[in-house]
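Enquirer: This is the structure I want to talk about, given as structure tokens.
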Amino acid sequence: MAFEEIYKTYWSKVFRICMGYVNDHDWAKDIAQETFVTIWQQLPKFRNESAIGTWIFRIASNNCLRQIERQNRMPRSEMPEQIAEIITHDIEPAVQFLYKCISELSETDRLIISLELEDVKQAEIAKIVGLKESNTRVKIYRIKERLAKKFESYEH
Amino acid sequence: MDFKALWNKQPIDAKPDIEQVVMKAEKLKRIFRLKLILLNIVLLATIVITIYANNIIANEWLVSKIGAALMLIAYISYLVAYNQLIPILFKTNPEISNLEYLNQLITINRKSAFLDTVMTNIYFALLSTGLALFLIQPFTHMKIVNGITLYAVTALCMAFALFYLKPIGMKKRKRHFDDLITKLEAINGQLREEL
């Protein structure tokens with residue numbers, strides 16, 4: 001698969017996963033860019049074409065985890081409400097709420113649910129994260145349950 | 001609630017020109033490499049000057065020779081440690097699973113913290129001892145006032161570096177590494193939680 005094709009197919013997926021992790025458009029764009037720089041550099045060495053998605057999501061999720069080194073960035077959820085309002089006024093409130101809820105989960109849960117919502121198979125998610133498939137399934141179920149509860153209180 | 005439908009409604013930022021992004025990343029790498037080369041040049045020059053000074057002064061005393069040797073060992077060991085520390089920062093493999101990646105980051109940061117603390121202490125201990133020994137012979141050839149002034153100024157400079165600059169730098173770096181390791185271990189713990 002050529003880089004251009006990968007970039008076209010996976011940019012939005014990688015961007016959304018990064019958004020789920022940091023809930024900040026600029027920051028997510030930075031991480032997505034870093035991910036594609038790595039893909040650009042590593043692609044000539046990559047041979048297993050069938051697992052390209054897993055490979056890309058691994059790089060993206062590891063880049064997300066590495067954000068812990070960038071301590072000067074303020075997580076979106078910790079921004080003063082007024083600023084948050086100005087930046088996100090054109091995004092549907094339920095979408096904003098979903099991404100806010102996800103960004104409040106623990107780091108690995110954020111990645112697991114983002115990959116699940118991106119339609120990545122649970123066996124693949126388990127490989128990306130490094131968990132057993134059965135554990136991954138349980139985790140996804142519990143995260144979804146928590147999100148559903150949050151949405152229940154949001155709607156009422 | 002259809003989370004997938006909501007998830008996909010997130011507006012996506014336009015794709016940047018990746019060639020420009022790669023060019024920027026490469027430029028940053030080059031700048032970093034240049035800094036590394038500069039530090040090597042400065043330390044190598046210091047080594048050359050120390051050897052040259054040792055020859056010019058024609059030290060006959062064994063303590064002075066030991067002093068010069070200790071200073072040289074300090075520079076060389078710092079240089080070797082620094083050159084070993086930098087590549088491990090780039091050795092992370094982004095293609096492994098999150099769990100393995102976290103373990104790799106923790107190991108790298110622990111190694112960096114250890115090298116930083118141990119090497120800085122060794123460097124300062126060797127340098128100050130070496131300098132003190134090295135100056136004994138010139139001291140005996142000077143007038144007592146000049147000798148005391150030389151030792152006092154040197155001691156003052158060393159004390160400033162040893163008791164002010166070193167603790168500040170080390171404390172800051174240690175806090176940075178400790179924070180990072182704690183956070184990484186916490187994330188790692190999330191994957192090991194009992195289900």
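Enquirer: Scan the stretch A:61-112 residue by residue and report those that are modelled with pLDDT under 75 and acidic (Asp, Glu).
Expert: Hits for the stretch A:61-112 are A:Glu78, A:Glu81, A:Glu85, A:Asp90.
Enquirer: Next question. Name the helices (runs of 4 or more DSSP H) wholly inside the stretch B:95-172 in which the number of residues that are touching a residue at least 60 places away in the same chain (Cβ under 8 Å) and touching a helix residue (DSSP H, G or I) at 6+ places or on another chain (Cβ under 7 Å) is 2 or more.
Expert: B:98-134, B:136-141
Enquirer: Taking only the stretch A:1-58 into account, find how many residues are outside any helix (DSSP H, G or I), in contact (Cβ under 8 Å) with a residue 12 or more places away in the chain and within 21 Å of B:Ala25 (Cα to Cα).
Expert: Looking only at that region, the number is 0.
Enquirer: Which one of these is within 10 Å of chain B (Cβ to nearest Cβ) and either surrounded by fewer than 17 Cβ atoms within 10 Å (Cβ to Cβ) or among the basic types (Lys, Arg) (or both): A:Tyr99, A:Tyr154?
Expert: On inspection, the qualifying residue turns out to be A:Tyr154.
Enquirer: When you look at B:Lys4, is it modelled with pLDDT of 80 or more, exposed (fewer than 15 other Cβ atoms within 10 Å of the Cβ) and facing chain A (nearest Cβ under 9 Å), yes or no?
Expert: Criteria met by B:Lys4.
Enquirer: For the stretch B:68-77, does any single residue satisfy the condition of being closer than 30 Å to A:Phe57 by Cβ and free of Cβ contacts under 8 Å to residues at least 60 places away in the same chain?
Expert: Taking every residue of the stretch B:68-77 in turn, none turns out to be closer than 30 Å to A:Phe57 by Cβ and free of Cβ contacts under 8 Å to residues at least 60 places away in the same chain.
Enquirer: From the residues in the stretch B:148-182 that are surrounded by fewer than 15 Cβ atoms within 10 Å (Cβ to Cβ) and closer than 30 Å to A:Ile140 by Cα, which one is modelled with the lowest pLDDT?
Expert: B:Asp179
Enquirer: For the stretch B:1-51, how many residues meet the condition of being more than 17 Å from B:Leu79 (Cβ to Cβ) and not aromatic (Phe, Trp, Tyr)?
Expert: Qualifying residue count, the stretch B:1-51: 29.
Enquirer: Filter the stretch A:102-125 down to the residues that are more than 10 Å from every other protein chain (Cβ to nearest Cβ) and farther than 18 Å from B:Ile187 by Cα, then identify the one that is surrounded by the most Cβ atoms within 10 Å (Cβ to Cβ).
Expert: So the residue we want is A:Val120.
Enquirer: Condition first: surrounded by 19 or more Cβ atoms within 10 Å (Cβ to Cβ), part of a helix (DSSP H, G or I), without any contact (Cβ under 8 Å) to a residue 60 or more places away in the chain and within 9 Å of chain B (Cβ to nearest Cβ). Now tell me which residues in the stretch A:127-151 satisfy that.
Expert: A:Lys139, A:Leu147 - these are the residues of the stretch A:127-151 that are surrounded by 19 or more Cβ atoms within 10 Å (Cβ to Cβ), part of a helix (DSSP H, G or I), without any contact (Cβ under 8 Å) to a residue 60 or more places away in the chain and within 9 Å of chain B (Cβ to nearest Cβ).
Enquirer: Output the number of residues of the stretch B:183-195 satisfying the condition of being touching a residue at least 60 places away in the same chain (Cβ under 8 Å) and surrounded by fewer than 11 Cβ atoms within 10 Å (Cβ to Cβ).
Expert: The qualifying residues number 0.
Enquirer: Sticking with this one: Taking the stretch B:66-107 only, how many residues are under 30 Å from A:Glu107 (Cβ atoms), at pLDDT 85 or above and not polar (S, T, N, Q)?
Expert: Of the residues in that region, 7 qualify.
The values are calculated or read from the model by the stated rules, or taken from the named source; none is laboratory data. Quantities reported herein were computed from a predicted structural model and do not represent experimental measurements. All Cβ positions, glycine included, derive from the backbone under ideal geometry; neighbour counts span all protein chains shown.
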